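**Q** Mind having a look at this structure? Questions to follow.
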Amino acid sequence: RRLTDAGVSVNAPMRALADDEFLTLLHVLSCRTCIPNGTRVLAELLNRRANPDARSSLGATPLIFACLHKNVGAVQVLLDSNASAWPVDDHGRNAVRCAMIPDPGVPNSEEVAVELAELLGAAGAPLNEGGAVAPIVEAVMQHNVLALRALIRLGATPDGLNEAVLNAPVTMISDLIEAEANPFIRDATGKTVMEVALARGEDNITTMLRDYIGDLERGGHPHLKTRNQQGGFSSTVDEP
C-alpha cells in the first residue's frame, strides 16, 4: 500500500528471478499460494485499479496463472473483479483449460480442478473453449475423471471421445457415451473412433462403442449427420 500511495503503478511489468517472462504483480500473487495474505493483497491491488486482464509477455493473464497453479482464492477474487476467462496465451491455453492441467506441487490437484471448473462455470466462463484444445478434451487427456464429470454436469459439450478411446480409463469412455458424445467425429489423423478402438485392442471398448452407435442409428440421432457428411463407422459393418 505504501508503494502504491507513493505512485508506483500497480500494473508495472516485472521479471521474476530466473524467468524470462515479464509479469505484473497480479500474476505473481496469482500463481503463489504460499504468500501470506496473498488473496487480500490481490484484492487490494484490484481495488487500486490493477488490470485483472493484464497480459504477460507470453500472453497469460493472472486468471490463467491462478488456474494453472490451482490458486482457488485468487481465482475467486479475480472473477469477482470481472476478470475474463476468454484470453488465450501463447501456448494456446485459456483459464478454463489451465484449470484442467494438474499441478504436481498441489495435493489433490484433480479435486481442485473440479472446484475451479465450478467457479468458472458459475462466472459464465466459456466451458467449451480452451484455446487450442477444449477444456473437456484436456480433462480426458489428463485422465481426470472427476473434472470430466464436472464439466459434463456444468453443461460442456461432451467432446474427447477419440482421446478417451485412445488410452483413457474405460469409465471416461462410459461417461462420454452416457453424455451422448459424437462417435462420428474423426481425430486429427482422420481416424474414426472405431478405428482408434480397434487399434487399442480391448474387446469391451469395441463392443461398447458398437452398441452405442447401433442405438444412435436405431433412434435416428442427430449425430448421424456427422457420419453422413464425412463418412464413418456403422454398427452394421463388419470389423476388418
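Readers should treat all values here as calculations from the given coordinates under stated rules, not as data from a laboratory. Quick caveat, the model's predicted, so the values are computed rather than measured. Here the Cβ positions follow ideal geometry from the backbone for every residue, glycine too, while neighbour counts run over all protein chains shown.
**Q** Please grab the % of Cα pairs in the range 114-198 that end up more than 23 Å from each other.
**A** Details: 583 of 3570 pairs.
Of all Cα-Cα distances in the range 114-198, 16 percent exceed 23 Å.
**Q** Right, something else. For the range 158-240, what is the relative contact order in percent, using Cα pairs closer than 8 Å and at least 6 residues apart in sequence? Present the calculation step by step, with values, prior to reporting the outcome.
**A** On the way: 79 pairs, mean separation 23.6, N = 83.
The normalised contact order for the range 158-240 reaches 28 percent.
**Q** Right, another one. Could you give me the ³J(HN,Hα) list for the range 200-217, computed from phi with Karplus coefficients 6.51, -1.76, 1.60 and θ = phi - 60°, whole Hz, x at Gly and Pro?
**A** 5, x, 10, 4, 5, 6, 4, 5, 4, 5, 4, 5, 5, 5, x, 4, 5, 5
**Q** Would you pull out the residues with amide H under 5 Å of PHE22's amide H, same chain only if 5 or more places away, H placed 1.01 Å from N?
**A** SER57, LEU58
**Q** Which three lengths, in whole Å and largest first, does the chain cover when its Cα atoms are put on their principal axes?
**A** If we take the Cα atoms of the chain, the spans are 76, 33, 32 Å.
**Q** What are the ³J(HN,Hα) couplings of the range 126-140, residue after residue, when phi is run through the Karplus curve with 6.51, -1.76, 1.60 and θ = phi - 60°? Round to Hz, x for glycine and proline.
**A** Couplings: x, 5, 9, 10, x, x, 6, 9, 5, x, 5, 5, 4, 4, 5 Hz.
**Q** Here's another thing I want to ask about it. Indicate the gyration tensor shape class of the range 158-240 (rounded, prolate or oblate), computed on the Cα atoms with a ≥ b ≥ c the square roots of the eigenvalues: a/c under 1.5 is rounded; otherwise a/b larger than b/c is prolate and the rest oblate.
**A** On the way: a/c = 1.31, a/b = 1.23, b/c = 1.06.
Rounded, because the longest to shortest axis ratio a/c is under 1.5.
**Q** Apply the Karplus curve 6.51 cos²θ - 1.76 cosθ + 1.60, θ = phi - 60°, to the phi angles in the range 28-40 and return the couplings in whole Hz, x for Gly and Pro.
**A** 4, 5, 5, 9, 10, 7, 7, 6, x, 6, x, 5, 5
**Q** Okay, moving on. For the range 1-143, what's the radius of gyration and Dmax over Cα atoms, in angstrom?
**A** 14.5, 49
**Q** Tell me, which cysteines of the chain are without a disulfide-compatible partner by the Cβ under 4.7 Å rule?
**A** CYS31, CYS34
**Q** Amide H to amide H under 5 Å from ARG93: which residues, 5+ apart in sequence or cross-chain, H placed 1.01 Å off N in plane?
**A** ALA132
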